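> What follows is a single structure, and I will ask about it in a moment.
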Amino acid sequence: DTGVSQDPRHKITKRGQNVTFRCDPISEHNRLYWYRQTLGQGPEFLTYFQNEAQLEKSRLLSDRFSAERPKGSFSTLEIQRTEQGDSAMYLCASSPGAPVSTDTQYFGPGTRLTVL
Amino acid sequence: AQTVTQSQPEMSVQEAETVTLSCTYDTSESDYYLFWYKQPPSRQMILVIRQEAYKQQNATENRFSVNFQKAAKSFSLKISDSQLGDAAMYFCAYRSANAGGTSYGKLTFGQGTILTVHP
């Protein structure tokens with residue numbers, strides 16, 4: 001049973017550069033979520049997908065952020081023109097989607113972004 | 001909007017003893033789910049236990065149990081017979097069960113409690 005995987009695990013970039021992260025959910029999980037976690041804090045919701053449809057976006061997701069989930073499988077999160085404030089751990093999670101009563105989110109190891 | 005508060009930034013416990021982590025939340029909804037997640041240092045977050053708000057019975061998973069007080073909006077985690085492997089950051093989280101609500105699907109987390117287990 002393969003869990004949620006994320007790539008890369010670490011990314012160091014210079015301010016102003018674009019970065020892209022990938023998340024592969026657990027097979028057959030319909031829902032996929034992105035969260036951001038800064039040091040010593042709880043994760044904050046960014047966005048989530050039901051299959052290929054992006055159903056909700058947080059106000060934290062500025063115009064520089066874009067997420068996609070083509071064909072309802074893996075997802076990418078792109079940050080354009082990175083800023084030092086973007087430095088954080090980006091977590092991906094997936095869940096079966098149904099039934100609602102047991103729809104538990106399983107997290108990946110995260111991608112740690114450092115913007116210099 | 002829902003909020004989750006963990007008022008204990010750090011807790012410590014002796015191995016084999018019991019510790020309770022506190023969590024309170026604020027919501028106007030009547031149906032929701034509550035979770036405790038564990039995040040070991042440099043490792044991924046894993047689910048410890050979940051509670052459905054419509055269930056009066058407190059959830060239990062082996063050494064982990066919760067005290068769910070719906071009226072008080074309190075959701076504490078009790079770890080019995082603490083082990084060294086329990087050392088981690090623990091997060092309390094809320095998820096709406098209202099499919100038509102704006103917060104449906106996403107988890108709202110507290111700030112976390114760092115648990116240290118002393119041998």
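The values are calculated or read from the model by the stated rules, or taken from the named source; none is laboratory data. Computed from a predicted structure; not experimentally measured. Virtual Cβ from ideal backbone geometry, glycine too; neighbours counted across all protein chains shown.
> With respect to A:Pro25, is the statement that it is out of contact with any Lys or Arg (no Cβ under 6 Å at 6 or more places or on another chain), under 21 Å from A:Asp103 (Cα atoms), crowded, with 17+ Cβ neighbours inside 10 Å and more than 12 Å from chain B (Cβ to nearest Cβ) true?
Answer is yes for this residue.
> Kindly indicate whether any position in region B:12-26 is aliphatic (A, V, I, L, M) and out of contact with any strand residue (DSSP E or B) (no Cβ under 9 Å at 6 or more places or on another chain).
yes
> Across region A:82-102, which residue is modelled with the highest pLDDT among those that are in a helix (DSSP H, G or I) and among the polar types (S, T, N, Q)?
Restricting to residues being in a helix (DSSP H, G or I) and among the polar types (S, T, N, Q), the top hit is A:Gln84.
> Hey, another quick one. Residues that are out of contact with any Phe, Trp or Tyr (no Cβ under 8 Å at 6 or more places or on another chain) and more than 23 Å from B:Ser80 (Cβ to Cβ), at least 3 per element: which strands (runs of 3 or more DSSP E) completely within region B:1-53 meet that?
Counting at least 3 such residues, we get no strands (runs of 3 or more DSSP E) at all.
> Tell me, yes or no, whether region A:55-68 has at least one residue that is crowded, with 17+ Cβ neighbours inside 10 Å, more than 12 Å from every other protein chain (Cβ to nearest Cβ), of a type outside the set (D, E, K, R) and touching a Gly at 6+ places or on another chain (Cβ under 7 Å).
no
> To continue, here is another question. If you take the residues in region A:6-35 that are in a strand (DSSP E or B) and over 11 Å from the mean Cα position of the chain (by Cα), which one is nearest to B:Gln39 (Cα to Cα)?
A:His10
> Follow-up. Inside region A:36-81, can you point out the residues that are part of a strand (DSSP E or B) and either of a type in the set (Lys, Arg) or in contact (Cβ under 8 Å) with a residue 60 or more places away in the chain (or both)?
Answer for region A:36-81, where residues must be part of a strand (DSSP E or B) and either of a type in the set (Lys, Arg) or in contact (Cβ under 8 Å) with a residue 60 or more places away in the chain (or both): A:Arg36, A:Gln37, A:Lys57, A:Glu78, A:Ile79.
> Among B:Gln69, B:Gln57, which is modelled with pLDDT of 95 or more and exposed (fewer than 15 other Cβ atoms within 10 Å of the Cβ)?
B:Gln69
> All but one of (1) surrounded by fewer than 16 Cβ atoms within 10 Å (Cβ to Cβ); (2) within 14 Å of chain A (Cβ to nearest Cβ); (3) closer than 25 Å to B:Ala72 by Cα; (4) in contact (Cβ under 8 Å) with a residue 24 or more places away in the chain hold for B:Pro40; which doesn't?
(3)
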